[in-house]
Amino acid sequence: MSTLAEKRGRSEAILGELAELGLMLARDLATQARACEEPGQQVGLVDAFHKTSRAVRLTLALDAKLDRDAAREARDAACDAETRARRADDAVRGAPAPATPADTRKGRVRNLMRRLVWNESEGDEDELDSLMDDLDARLHEAALAADFETLPVEAVARRIAADMGLSGDIVLSLCEPPPPPRLSPTSSLATADTG
């Protein structure tokens, strides 16, 4: 177990150093590009800056993914023994665990946001994985809210997209039924006219 912790610590140290070096290089490239007067050379410097800054972003995303993975492993380790036994029993019997309404809602939001996440990752598999992990973590947090199951799927998706800094249109392909009306304590039901 300590070897795993040592390996994770070493990986985090390397990622931190790579991020710092990349950031320093990106700053130097930006300075050189602004000072450059030859258009051809300036284009090359700007391109190098873009690639370096993207590498820094990916390094930071990978570091965040490692943190999320460690947190997920800790949550899984803390999972109740009875729940694990029930899941194992269901797996042996071949019966899938029934989906809760919150799980169904999270799946709908995830499917609705998949295109935005794909566009943001620009086809980069590592960044796509990182963004999907981020989306799953945010969905898990959102599901803890009292109004998660009553808010429209599109509203939940828009909130999470805004939190993640994703841009683009969220389009529902099917109509979602409106949430049931809520009566406030001060409202009164209409009474029939008996008169």
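The values are calculated or read from the model by the stated rules, or taken from the named source; none is laboratory data. All figures in this text were calculated on a predicted structure; none of them were measured in a lab. For neighbour counting, all protein chains shown are included, and Cβ atoms are generated from backbone atoms with ideal geometry for every residue, glycine included.
When we screen 133, 129 for residues that are under 23 Å from residue 51 (Cα atoms) and in contact (Cβ under 8 Å) with a residue 24 or more places away in the chain, the only hit is 129. All conditions in (1) at pLDDT 70 or above; (2) surrounded by fewer than 10 Cβ atoms within 10 Å (Cβ to Cβ); (3) aliphatic (A, V, I, L, M) hold for residue 117, with the sole exception of (2).
Output the number of residues of the stretch 26-76 satisfying the condition of being closer than 24 Å to residue 10 by Cβ, out of contact with any Asp or Glu (no Cβ under 7 Å at 6 or more places or on another chain) and among the hydrophobic types (A, V, I, L, M, F, W, C). Residues meeting the conditions: 7. Scanning the stretch 125-181 for residues being more than 23 Å from residue 65 (Cα to Cα), part of a loop (DSSP other than H, G, I, E, B) and modelled with pLDDT of 80 or more gives a total of 8.
Mind checking which residues of the stretch 11-53 are basic (Lys, Arg) and either within 25 Å of the chain's Cα centre (by Cα) or crowded, with 16+ Cβ neighbours inside 10 Å (or both)?
Narrowing the stretch 11-53 to residues basic (Lys, Arg): 27, 34, 51.
Across the stretch 11-53, the qualifying residue is only 51.
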